[in-house]
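Working notes for the structure below.
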Amino acid sequence: MKKLKVAIIGCGLIAQERHIPAFNKIENVDLIAACDINENLAREVASKYKIPKVYSNTSEMFKNEDLDLVDICVPPQIHAAVGIEAMNNSCHIIMEKPMALNVSDCDQMIESAAKNNVEICVIHNKNFHKPFIKAKKLVKEGHIGEFVGMRIFLSTPHWDMIDLEDHWYHKLPGGVIGETGPHMAYMSSEFIKNINEVEVLAENHLKHPWAPNDDFRIELKGDNAISSVILAYTPNYWICDIDIIGTDAMLRLDLNGMILTKHSLKELKYGPFVKYYLGNILQVAGGMLKNVLGDKKIGTDLVIEEFVDSIFNNGKAPVTGEEGREAVRIMQMVVEEYNKKYKL
């Protein structure tokens with residue numbers, strides 16, 4: 001069986017915890033090289049995951065290795081430069097979100113992919129969590145009536161991001177919202193078409209000199225609905241909750257617990273009230289049982305697996321360059337509005 005020869009560029013936490021384990025689960029992949037500007041880190045990661053080759057320079061790696069696919073886990077500021085170099089060396093590329101920091105860089109990557117006859121994939125991982133996939137199916141089949149809107153609540157503990165003064169997060173357009181904001185952009189665009197208006201409200205609770213604001217309310221308005229978003233960096237806990245709102249019912253997704261529940265209480269009377277909440281308890285219990293007994297693959301695993309399959313079968317990437325570009329376009333609107341309103 002032919003195997004894809006793969007290299008990882010960027011050996012930080014996300015590569016170690018998500019990307020490398022995902023590739024190691026796929027039989028028709030050989031992870032043959034690890035590359036990082038910090039050569040000691042690359043060597044540590046290569047030793048830990050039994051990756052045979054180590055590089056601190058991408059040009060040297062492309063000169064020496066005949067690669068099929070490159071996984072880009074570097075900060076998004078250099079996605080375009082690294083991605084275009086890889087594609088000019090005839091490699092398919094997959095990368096963490098966001099695809100880039102501006103639409104112009106996305107366009108350059110898309111043009112390079114076409115010129116070199118290779119594919120781009122962006123890891124919009126939350127769209128591939130099983131509750132999110134099921135929610136899309138339920139909406140499409142009309143189980144909540146007409147779709148009329150959504151709410152997203154993303155909470156990142158302050159010690160994981162906002163407290164880290166020297167982290168590259170703070171150098172992104174919009175600061176920390178440039179890191180988690182792409183999640184809200186690509187999740188919203190799965191349900192809301194042509195997002196073309198944004199509003200931003202922000203507060204500063206922690207008073208870090210390096211972070212102008214740490215609590216955000218963002219509205220994304222498209223042709224068919226509005227997505228209302230909370231991005232919170234002040235709590236001491238993780239939350240990733242999404243409400244998909246329909247005329248007949250609402251779907252509530254807990255993407256940390258991987259549980260989906262359907263809400264449709266129609267009578268504020270004791271009997272229907274008790275029946276309704278007992279039903280919700282059963283939905284949660286059923287979701288927890290599936291989590292314990294079912295397939296443990298999460299979004300990143302599935303995106304990588306599907307992209308590998310698409311390369312072998314000459315198919316479409318699970319998240320195309322154009323879809324990555326759309327999330328970047330939305331984020332550019334958000335950041336421009338944020339900077340304008342708060343004079344940043």
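The values are calculated or read from the model by the stated rules, or taken from the named source; none is laboratory data. None of the values given here were measured: they were computed from a predicted structure. In this analysis, Cβ positions are derived from the backbone assuming ideal geometry, glycine residues included, and neighbour counts consider all displayed protein chains.
Taking the range 109-151 as the range and being more than 28 Å from residue 78 (Cβ to Cβ) and aliphatic (A, V, I, L, M) as the test, the residues that pass are 133, 135, 138, 139, 144, 148, 150. Looking at residue 151 and the list (1) charged (D, E, K, R); (2) over 30 Å from residue 207 (Cα atoms); (3) surrounded by fewer than 20 Cβ atoms within 10 Å (Cβ to Cβ), which single condition is not satisfied? Of the numbered conditions (1) charged (D, E, K, R); (2) over 30 Å from residue 207 (Cα atoms); (3) surrounded by fewer than 20 Cβ atoms within 10 Å (Cβ to Cβ), the odd one out for residue 151 is (2). Taken across the range 45-67, residues that are touching a Leu at 6+ places or on another chain (Cβ under 6 Å), crowded, with 19+ Cβ neighbours inside 10 Å and either free of Cβ contacts under 8 Å to residues at least 24 places away in the same chain or among the acidic types (Asp, Glu) (or both) do not occur at all. Applying the condition of being hydroxyl-bearing (Ser, Thr, Tyr) and surrounded by fewer than 22 Cβ atoms within 10 Å (Cβ to Cβ) to the range 170-200 and asking which residue is farthest from the chain's Cα centre (by Cα) yields 189.
For the criterion of being over 24 Å from the mean Cα position of the chain (by Cα), surrounded by fewer than 24 Cβ atoms within 10 Å (Cβ to Cβ) and within 17 Å of residue 116 (Cβ to Cβ), residue 38 fails. Can you run down the residue pairs with Cβ atoms below 6 Å, 6 or more apart or on separate chains, where the first is in the range 211-239 and free of Cβ contacts under 8 Å to residues at least 60 places away in the same chain and the partner is surrounded by fewer than 16 Cβ atoms within 10 Å (Cβ to Cβ) and of a type in the set (Lys, Arg)? That search, which allows pairs on different chains as well, returns 222/193; 223/193. Taking helices (runs of 4 or more DSSP H) as the structural unit, those lying wholly within the range 1-105 and holding at least 1 residues that are farther than 24 Å from residue 322 by Cα and assigned by TED's automatic domain parsing to the domain that holds residue 308 correspond to 20-24, 39-49, 58-64.
Where residues in the range 1-37 are over 19 Å from residue 160 (Cβ atoms) and among the acidic types (Asp, Glu), which of them is modelled with the lowest pLDDT? Among them, the one singled out is 27. Taken over the range 275-308, the residue count meeting the criterion of being modelled with pLDDT under 70, among the small types (Gly, Ala, Ser) and closer than 12 Å to residue 258 by Cα is 4. The residue that is farthest from residue 231 (Cα to Cα), counting only those in the range 151-173 that are in a loop (DSSP other than H, G, I, E, B) and touching a residue at least 40 places away in the same chain (Cβ under 8 Å), is 165.
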